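Just so you know, all these numbers are worked out from the coordinates, no wet-lab data involved. This is a predicted model, so every value here is computed, not measured. FYI the Cβ positions are ideal-geometry reconstructions off the backbone, even for glycines, and counts take in every protein chain you see.
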Amino acid sequence: MKNFTIVEDKEFVSHDVVALFANTPIPETPEYVKDELTKDTTLKDRTNLDVDDICNTTYFVFDGTIMQQKFGTVMGSPVSAAVVNLYMEKLERKARRTAPVNCKPRIWKRYVDDILEAIKKDQITDFTDHLNAVDKTGSTRFTYEEESNGTLPFLDLLIRRHADGAVSTQVFRQGRAY
């Protein structure tokens, strides 16, 4: 962000997925994960799990009974975080590739389900509608927050847009910048 400048007709926006873990579509996500992991020639160098072990994240034990979750990923599963991140990668690729030309963001930075964009002020609603239409199951819904007075909290940062278009960041926790 040090050398990034933002022009007057754009502003920072943060998009967030509502309840990502609970709303990750099954079986679409494990199928995508399996395809991606099967192509990964270095997987065996990083884990002892095989592709099927990683993709079977919908099973859990409750009260001594093995159950299968029909929607979303299992909270607490050691691979759920990786699975939802791969799902978001797929969604991100499609969203960026298919975004209408008039509302393509100038910047796109994602951490799990939090996305920072610089976008035309009058296109924020259209872009949010686009994001909400990418997942054909309808389970992935985005909310957004616009910058206010030239600032936007994003993760643990406060992003500040200056009058000359320069951008600076500060550590931001519990409503306070440091």
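Placing dummy labels 7 Å off each Cα toward the beta-carbon, the span from Asp122 to Lys34 is 4.8 nm. The modelled label-to-label distance between Asp45 and Asp156, using points 7 Å beyond Cα along the C-beta direction, is 3.0 nm. Matching the structure-derived Cα extents along the principal axes in Å against the labelled list (i) 43, 36, 33; (ii) 66, 42, 38; (iii) 59, 37, 34 gives the label (iii).
Report the local net charge at Val171: Lys and Arg +1, Asp and Glu -1, summed over other residues whose C-beta lies under 13 Å from its C-beta.
On the way: positive: Arg160, Arg173, Arg176; negative: Asp156.
Once positives and negatives cancel, what remains is +2.
Working out 0.36 nm times the residue gap between Asp164 and Asn102, then minus their Cα-Cα distance, what length gain in nm do you get to one decimal?
So the extension gain works out to 19.9 nm.
Note on the chain: with a GNM built from Cα contacts shorter than 10 Å, the maximum mean-square fluctuation among Val167, Val17, Val101 falls on Val101. Charged side chains reduced to their Cβ positions (Lys and Arg at +1, Asp and Glu at -1) give the chain a dipole of some 420 debye around its Cα centre. Taking only Cα atoms and a 10 Å spring cutoff, compute GNM fluctuations for the chain and point out the largest among Leu158, Leu131, Leu49. Among Leu158, Leu131, Leu49, the largest mean-square fluctuation in the Gaussian network model of the chain belongs to Leu49.
Return the single residue from Ile115, Ile124, Ile107 with maximal mean-square fluctuation; model: Gaussian network over the chain, springs between Cα atoms under 10 Å. Ranking Ile115, Ile124, Ile107 by mean-square fluctuation puts Ile107 first. Residues in region 143-160 carry Karplus couplings, in order, of 10, 9, 10, 8, 5, 10, 6, x, 10, 8, x, 9, 6, 9, 10, 10, 8, 10 Hz; the curve used is 6.51 cos²θ - 1.76 cosθ + 1.60 with θ = phi - 60°, and Gly or Pro positions show x.
Let me have the 222 nm mean residue ellipticity of the chain computed from DSSP H runs of 4+ only, each contributing -39500 (n - 2.57), with the sum over all residues rounded to the nearest 500.
Numbers: 6 runs with 55 residues, N = 178.
It comes out at -9000 deg cm²/dmol, rounded to the nearest 500.
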